[in-house]
1. What number of residues within region B:90-119 are in a helix (DSSP H, G or I) and either surrounded by 23 or more Cβ atoms within 10 Å (Cβ to Cβ) or modelled with pLDDT under 95 (or both)?
2. Taking helices (runs of 4 or more DSSP H) that fall entirely within region A:513-578, which contain at least 3 residues that are crowded, with 19+ Cβ neighbours inside 10 Å and out of contact with any strand residue (DSSP E or B) (no Cβ under 9 Å at 6 or more places or on another chain)?
3. Kindly indicate whether residue A:544 is within 21 Å of residue A:260 (Cβ to Cβ), assigned by TED's automatic domain parsing to the domain that holds residue A:611 and touching a residue at least 60 places away in the same chain (Cβ under 8 Å).
4. Quick one: residue B:67 ticks every box in (1) without any contact (Cβ under 8 Å) to a residue 24 or more places away in the chain; (2) within 11 Å of chain A (Cβ to nearest Cβ) bar one, so which box is it?
5. From the set of residues in region B:30-52 that are surrounded by 24 or more Cβ atoms within 10 Å (Cβ to Cβ) and farther than 17 Å from residue B:82 by Cβ, which is nearest to the other protein chains (Cβ to nearest Cβ)?
6. Given the residues B:194, B:187, which is the only one that is under 26 Å from the mean Cα position of the chain (by Cα), under 26 Å from residue B:49 (Cβ atoms) and more than 14 Å from every other protein chain (Cβ to nearest Cβ)?
7. Working only within region A:261-302, note down all residues that are out of contact with any helix residue (DSSP H, G or I) (no Cβ under 8 Å at 6 or more places or on another chain) and either within 12 Å of residue A:176 (Cβ to Cβ) or not in a helix (DSSP H, G or I) (or both).
């Protein structure tokens, strides 16, 4: 909460150094100004963007500036960003995509290294002032300075590993030199960012000061009155190769657990880099260039970079002109309603939550408190978050909310009753949203006076973990409502996938054939562990059998039955034993027993099981691709990119594969069609290829001709 | 100013003490938390937590924009160090905006009524149009305090400068000094009279010849009346369930004992003046946590936001007398109102007298009917008479519900308003005795 007076004054808080520019502004992204005591302030403010990134042009300008300073060295140089978003988000990833060969990448990188090395070797004292995000290439610039001064709220890290890369602008050498190399490696291997306190503790920053003391801290640093954060004893102990090799063994196994090296080569490349060159800066810097260029050309990195841009595209959908939602009223405090309400409160919205059963509302409060604890919120943050979730035993929130979200059981009559009450009492401008996963919105909007205000907001379980929300439209929905719903997903840090109200929308429609096929395999006597292992080998976060248990067998069964009823695509009937399990209440993880036995939230699995038949992964995967193709053909979702984004962010579909359609693209439509036909001949017409494959083939060939 | 004049002439005039005409002040709505008995350890809610628990839904159901209020006034006696001005902390946590002036009032057991009275006067005099006024208290959070000797010792220890100094300090340590005291016990002892509150009730029991049996009978009826009100749903609008961060749902006042009986209560030992005293835990108010808010509005605010007020404040009064007989305070403050309004005791439809102690309430009733008391207090031999017990605390009181000291004054006005409306009655007076020898009274009229 910030009032208008503080807001007006806040702009004064940032220390921008001397106001007088030294030169007429000849640089687009940097400004140079000479201050007191021979300290020069270089402010980083990349043109026409809200956040700084390190691009070729940024580095070229920096080089020219460093050359100028070399000729007339100041006593000290301060580098800081004047963007509200922080110091710098990292390298300009867009430029990576244009690099076509390993050599081209290496050459470009070597040039960039020269600039940063030059900063590192400056004859005067250099100080980086860090606020907000200081990531990747941004952190590498800061590491090349003599001092780093952080402002509270700063977040530092190397997220490169999430793009299938490791730091490439000298970070591998400079961070392992600066701080305990084991801590440095952990940071780079996990891609985690650390807040200012932790960064200070690790020695990544020399001092943390409030913005109002930045100028004094800079002066102290330049005067030599700040002790540089020392590199620990560990660094010296690990200066021999055998000593490092002892450490890397464990590092390797830990990394492999999180990211199998056959799919994710970056961690291994990083470990090797340090193992071979740790302590020898020059050699490590040289080797880093080659290793980075190599990684950049891998499919994994290319796909992960693409996923990064998919995410940006989806985030872009949330930036609309629509009025923000300040207050959301949730009707229904079941598992989904409770978690959606909690997540909205967590993300700063005012929330009222109503349910006929007050105990459920109370349980939702406890779940939110748990979330705050899991996310290490301070007691004050937790208090504010919990204060934003009002248990609304009287259902009074309807009248005041900007968005009324219905999350009651999947029964048309119950939902329509909720709408009837809501519509009569809602603000005229408010959105009515449903979290339904199985009822067509055409049915739900049937009795509304203004059907145009109903939109689907289909969240995934668990809400706090799954970034996707399907924003479901129907024939009568107002586009303004859809836009505002999309903006709302952005407000709560979720990614929207706009879909139409076809059965199962996109995600469930695509995922279900995969789960159903796993059930058929179980029926054939293939072990659950075998099936799951094959899917995990492909790169899925969990196998389909375990996933079915996590989702809940009851839900899987009802979604499968709904799709079988409503789609023309053939789907095998559920095995009798599955229906029996559901009837007996063995629903999976939530009841402790399903297809697996669950203990402490983990499935108990046999480690030694038979090998899977050769066609296992095709049988699991191709029906997914087939359903995805059908959704595109039916225009349930607009583009292959969005379909891939939805499956990755909604189900965790192996991200390094780039999503189902990227994977299909790699195979080629013709090959997929043939593979499906072969499976159809062997196993039945549920594998019949969607007509979309053939259309795509002919479309592509006509484009080429 | 013609518009104002028109308005004043079109509505019935309220009169202040000096007989000048003033603006009408409406009670729009109110809500409280369930009152939760202190069970020997800090309860689930701090004072401001409690205020937020009932404040959020109250603001929500009235739907006036939260930042449209002019100010927030909150009564609270035992303020905890992390919430030094609980009114302001509550206002901010309730999302009423950074520009919301908020202050805390403290007059012991009258604090929750003091907030209403202060709000009443701000609005009446034209300074404000819309005020959220409440009371909150978490007696279970009353801090443990160290003896003065222990604090002195700590100060010396912290300023010790050499190992020798430390050694001398440590040898001077006496564990007995560090036995913490619960500040609440100190707080409930009158520093002038040197008596605990319970002892002041013993004084009244003796002066007005209240028997142990009469006090116990009164206590049983308090429990029975509250239990009935809760069962009948008469409190549904007034009490809003509270939810602790661990997901526990607190739906009801948990001190009520519907199965209480005179026989059971007879078995309890006197707590304040054993072994011969008459005041027991069973016929005293309970030590309890709870909060209550009411929304007060001017005519302008009522029109502007389309509010449907439930009552109007007619009059209020504060009185004081010797701390030793603080429990008689209500007789003074309520009588002053009656005199001003030209009413007799039983002209008032319903009464709420806060049940600090059963014996104390009964002593008030006796005092009203006591010529000697009347002569001393009012200079007349003709007492006001006997208050019909069917008009008094019709749905029970603090003996059953509990007495979160900063809250009770607010609760009795809130409940009086709701009870008058439920029964289709008009006028009511709520009044409480106040530790230290004071009392407050407020007269309202249901709309």
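The values are calculated or read from the model by the stated rules, or taken from the named source; none is laboratory data. Quick caveat: nothing in here was measured; it's all calculated off a predicted structure. Methodologically, a virtual Cβ is constructed for each residue, glycine included, from the backbone with ideal geometry; neighbour enumeration extends over all protein chains shown.
1. 10
2. A:528-538, A:553-566
3. Answer is yes for this residue.
4. Residue B:67 satisfies all of (1) without any contact (Cβ under 8 Å) to a residue 24 or more places away in the chain; (2) within 11 Å of chain A (Cβ to nearest Cβ) except (1).
5. Result: B:31.
6. Numbers: B:194 fails: under 26 Å from residue B:49 (Cβ atoms).
Only one candidate passes the filter, namely B:187.
7. A:262, A:280, A:298
Here's the yes/no breakdown for (1) within 16 Å of residue B:256 (Cα to Cα); (2) without any contact (Cβ under 8 Å) to a residue 24 or more places away in the chain; (3) outside any helix (DSSP H, G or I):
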site: B:387; (1), (2), (3): no, no, yes
site: B:395; (1), (2), (3): yes, no, yes
site: B:409; (1), (2), (3): no, no, no
site: B:414; (1), (2), (3): no, no, no
site: B:421; (1), (2), (3): no, no, no
